[in-house]
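To start, the structure itself, in structure tokens.
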Amino acid sequence: MAAAALQRGLCFRSDPGMAGGMETHSRKRQVVSFFLCLCVSLVACETIRYSVREEKKSGSLVANIAKDLKLDVEKLSGRSLRLISKSTKQYFELNTGSGDVTIKEKIDREDLCGQSDPCFLQFEIVLENPLQLYRMEVQIDDVNDNNPKFSKNEFVLKIPEQIPINTRFPLERAQDSDIGTNNIQSYAISANEHFSLDVHSRGDGSKYAELVLEKQLDREEQAQLMLILTAADGGLPQRTGTAQIRINVLDNNDNFPQFSQSVYNVQLMENSPQDTLVTKVEACDLDQGPNAEITYSFGQVPERVLKLFQLNQFTGEITVLGIIDFEDAEMYEVEVQATDGGGFSSRCKVLVEIEDMNDNAPEVTLTSLSGTIPEDSSPETVVALFSVRDRDSGDNGRTVCSIQDNVPFALKSTLKNYYELVTQKPLDREKVPEYNISIIATDRGTPRLTSVRIIRVQLSDINDNPPVFNESSYVMYLKENNHPGLLIGTVHAADLDTEQNAKVTYSALPGNIGDLPFSSSISINSENGNVYALQSLDYEQTRDFQVTVRAADGGSPPLSSEVIVRVVIIDENDNAPFILYPLQNSSSPANDLVPRSAEAGYLVTKVVAVDGDSGQNSWLSYQLLKATDPGLFAVGLQTGEVKTSRPITSPDSVKQKLIVLVRDNGEPPRSTTSTLNVLLVDGFSDAYMQLLDVPQEEEQQDTLTLYLVISLSFVSFLFLVCVVTIIAIRLYKTRQCRERYVPSSRNFYFEPNFPTNPTDTSVTGTLPQSYCYEVCLTTGSGTSEFKFLRPLAPSLPADPSVSEGSVLDSQINSQFKEEKESLREGRASVSEDSISRSSGAGCIVNKVTGINGNSSQNGWLSYQ
């Protein structure tokens, strides 16, 4: 029994009359897995059924699906729990916080389903993360809220007298909108002596009554009878409806009308136009005269039949009155009654079978939609879940679903009439940010009907694109001596992503400009990529440099790209020309010698200058600014060569002073001057002249390097000449010194006030009374020094006394002993003498003077 219950589905009742209210008896879930991306699963359950009585108040509880489906209440809101109704009207609402399903609007079963039983309302419960679908059915139980009703308040029967007993007269059924036991269960007639009531049941369970003649009628006794017919249902409390039956007693009528068929089977196409002939019923009566005149009328038929069909009471033709819809009813049972002029009647049935026409296009109902999916969604990711329904039947109700071909999506059939829209190919938001997917549902009827439902799917951005610079490399130009904070240029990178993933920040990678880091010289605005110079730059120190700029987006993880920015320093004319030759210093400028025999065009010298700037700023021009005789010399504009412009004449001054202006080509131009002293001299040899005479053709081809070499050679030659001259002068002065101060061959300085003969003293002893020194010095030497030997004894007076001589001898002896001790101990003083490299042969460097304590020949000394 339990297994059978599971197969039939689960039923949860919310009938307050049931013990336990909405108790869950059992449940079965069948999980259907498909190739769903990201582990999204679609759970398809057997239909879960609940029951609720009609006419309940709004807000009444139907069920708690969180409890029935064993769902975590705290996670319901995060799973986008929602209720999707299958009907056009929303009868239920879902509390996503608690999982309660309540009645939103009062339900009238009779308006909803009419006589159909059972009556269901269907809806679906959809959850996401993962995707789950539950089918729900709520059975609407009938309550006895309708009274039985007759189509008329009074029915008239014409019955001839002398009619046989037990003749039966069918009566019209009463109508009750309720179903089951709440429908009509019995009929009753008011007490009388002529008629009784016989109640019958049809195959569908409905009741109808026949009036049975129990006692023969006599028109003369009673021409008219009034009866009350009562219809009662089986509900609690019981409801009844009444109608009055008026019976007119007629004269004798021997025959009843007879239909040619007791049952007419007719097929009618739905949507047949109004007045379309459905069928024609015919009845005949064997009587004659007025008793043979037959009229037709509907018998016991529902009210809706009276709205759809009409009956011609004279011809018996049944025609279409209203709109015939196969989806409302597939068959109608119509009872037609034929009555003759004498009051006799008979009945037949007309069964109208409605043939389906393909008049309903398929309906696409969206159950679940992920309006936005990540662009990196892998194939088979579920985007939408929807169902397709066609109210037609047969091939007219069979549908085929498809989408356009140019989208990276596909349809997959899941449950009956359910489809999944899944991704089929990789997505790229930067190429196509959104898709309008047309779901095309087509039935197989004739002609085929199609319906289209457009689903808009947007792609959410994933940080899959690094910033891209609009140039492969940047070259920016900056004038030197710039102001700090000056804008050099701008780098720009674009990111195809959106929002935070497209927010680009800029930064400079570590590096150096010379010995200084980039950060001390260059700054990059992280927001807009502006490049600024933080300090003044000098072209002469740094002509260009490269910095690597990185652009990173704000995604997670961030993506970045790099670009090389080359900053070129533009030279400004901030350096004046610098004179290399002749040197300009504080000392007197060098003299250039020009022979008086020089002709016009003689090359005197060349001014060599350089400029620290570059390009046009370093182009130098030379001009003679000032001269003692402006017409004597000329300066090459581009070469700086100083030449004579005319032959030198005798009146020309020996000393010529020239001021040469050297100017660059910058804006504004800068200049400097060079002062030249030119001496006009005689006596230059032809060979020297030839060395200076450079052919005109070679002068034009010489370069700056050649001029420098010639200048250095000339300076070296002058230096050698000066050295030779100084040596000659020193030799000359040395000879004069010897001839003037040394009269004897002994080369001693003679002092006439002192005796020259050591024996010419009256004092005993051999020590002379005076010392002679000879010093030889080089002239013009800045390092020449006088070096003297320390005297061994002091100078003595010319006539010393004996006593003084004794004392002197003792002093000499004492000092001599000390010297001996010094020599013995190696403590003798050593003097240093200097001699110039230019001294000639015979130059006296120094003189060694010695003494001996002995006398006479023993005291004579020799040196080697």
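Summary table below
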quantity: Gain upon complete extension [VAL721, ASP359; 0.36 nm per residue less C-alpha separation]; calculated: 117.4 nm
quantity: Heavy atoms of MET331 accessible to a 1.4 Å probe, total area in Å² rounded to 10; calculated: 100 Å²
quantity: For the range 557-623, convex hull of alpha carbons as volume per residue, Å³; calculated: 160 Å³
quantity: Spatial separation of Cα centroids for the range 160-238 and the range 596-641, in angstrom; calculated: 149 Å
quantity: Accessible-area composition of the range 632-682, carbon plus sulfur, in percent [1.4 Å probe]; calculated: 52 percent
quantity: Virtual spin-label span in nm between VAL432 and ASP515, 7 Å along Cα→Cβ; calculated: 6.3 nm
quantity: Against the rule of thumb 2.2 N^0.38 Å, how large the Cα Rg of the range 615-676 comes out; calculated: 1.27
quantity: Convex hull (Cα only) mean projected area of the range 440-585, reported in nm² to one decimal; calculated: 15.1 nm²
quantity: Solvent accessible area, Å² - PHE314, 1.4 Å probe, full protein context; calculated: 140 Å²
quantity: 1.4 Å probe accessible area per residue over the range 144-228, in Å²; calculated: 53 Å²
quantity: Residue-normalised accessible area of the range 323-387, expressed per residue, 1.4 Å probe, Å²; calculated: 35 Å²
quantity: The range 51-74 residues near the modelled ASP111 label - backbone nitrogen below 20 Å, point 7 Å along Cα→Cβ; calculated: 52-62
quantity: Rg/Rh (Cα only; Kirkwood hydrodynamic radius) as it applies to the range 457-504; calculated: 1.22
quantity: Calculated FRET efficiency for the pair ASN481/SER526, C-beta based, R₀ 25 Å, to 0.05; calculated: 0.35
quantity: Rounded FRET efficiency, nearest 0.05, which uses the C-beta distance separating LEU704 from SER556 and R0 of 56 Å; calculated: 0.35
quantity: Rel. contact order, % - alpha carbon contacts under 8 angstrom, at least six apart, the range 599-645; calculated: 49 percent
quantity: Accessible-area composition of the range 405-557, carbon plus sulfur, in percent [1.4 Å probe]; calculated: 48 percent
quantity: Listed residue pairs exceeding 28 Å between alpha carbons, taken from LYS149/LYS349; LYS86/LYS149; LYS104/LYS149; LYS75/LYS425; LYS86/LYS349; calculated: LYS86/LYS149; LYS104/LYS149; LYS75/LYS425; LYS86/LYS349
quantity: Distant alpha-carbon pairs in the range 173-326 (separation over 23 angstrom), percent; calculated: 56 percent
quantity: Fraction of alpha-carbon pairs over 19 Å apart in the range 421-482 - percent; calculated: 63 percent
quantity: Neighbour-limited loop hits for trypsin sites (Lys or Arg not before Pro), the range 161-236 (at most 15 other Cβ within 10 Å; DSSP other than H, G, I, E, B); calculated: ARG202, LYS215
quantity: Cα centroid of the range 337-368 to Cα centroid of the range 471-490, whole Å; calculated: 91 Å
quantity: Solvent exposure, largest accessible area first (probe 1.4 Å, DNA, RNA and ligands not counted), of LYS86, LYS158; calculated: LYS158, LYS86
quantity: ³J(HN,Hα), Karplus 6.51/-1.76/1.60, whole Hz, each residue of the range 363-376, x for Gly, Pro; calculated: 10, 9, 10, 7, 8, 8, 9, 9, x, 9, 10, x, 5, 9
quantity: Using θ = phi - 60° and Karplus 6.51 cos²θ - 1.76 cosθ + 1.60, couplings along the range 62-74 (whole Hz; Gly, Pro as x); calculated: 9, 6, 10, 6, 4, 6, 5, 9, 6, 9, 6, 4, 5
quantity: For the range 93-189, convex hull of alpha carbons as volume per residue, Å³; calculated: 132 Å³
quantity: Rounded accessible area per residue of the range 425-559, 1.4 Å, Å²; calculated: 56 Å²
quantity: Nearby lysines by direct alpha-carbon distance to LYS152 (threshold 19 angstrom, same-chain neighbours under 8 apart not counted); calculated: LYS207, LYS307
quantity: Computed lengthening from LYS733 to ILE165, 0.36 nm per intervening residue step minus Cα-Cα distance; calculated: 185.0 nm
quantity: The range 132-231: relative contact order as a whole-number percent, Cα under 8 Å and 6+ apart; calculated: 31 percent
quantity: Dipole magnitude of the range 488-566, debye to nearest 20 (Cβ charges: Lys/Arg +1, Asp/Glu -1, about Cα centre); calculated: 60 debye
quantity: Where Rh is the Kirkwood radius over Cα pairs, Rg/Rh for the range 244-374; calculated: 1.26
quantity: Where the Cα pairs of the range 316-360 fall when distances are cut into 5 Å bins, in %; calculated: 5, 16, 22, 20, 13, 10, 7, 4, 2, 1
quantity: Alpha carbon centroid spacing (whole Å) that separates the range 86-107 from the range 534-568; calculated: 64 Å
quantity: Solvent accessible area, Å² - ASP285, 1.4 Å probe, full protein context; calculated: 20 Å²
quantity: Per residue, the convex hull volume that the Cα atoms of the range 337-387 enclose (Å³); calculated: 160 Å³
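The values are calculated or read from the model by the stated rules, or taken from the named source; none is laboratory data. Not measured: the values here are computed from a predicted model. Here the Cβ is made from the backbone with ideal geometry for all residues, glycine too, and neighbour counts use every protein chain on show. Please note that ligands, DNA and RNA were not included when accessible areas were found on the heavy atoms of the full protein model with its side chains. Shrake-Rupley method; radii C 1.70, N 1.55, O 1.52, S 1.80 Å.
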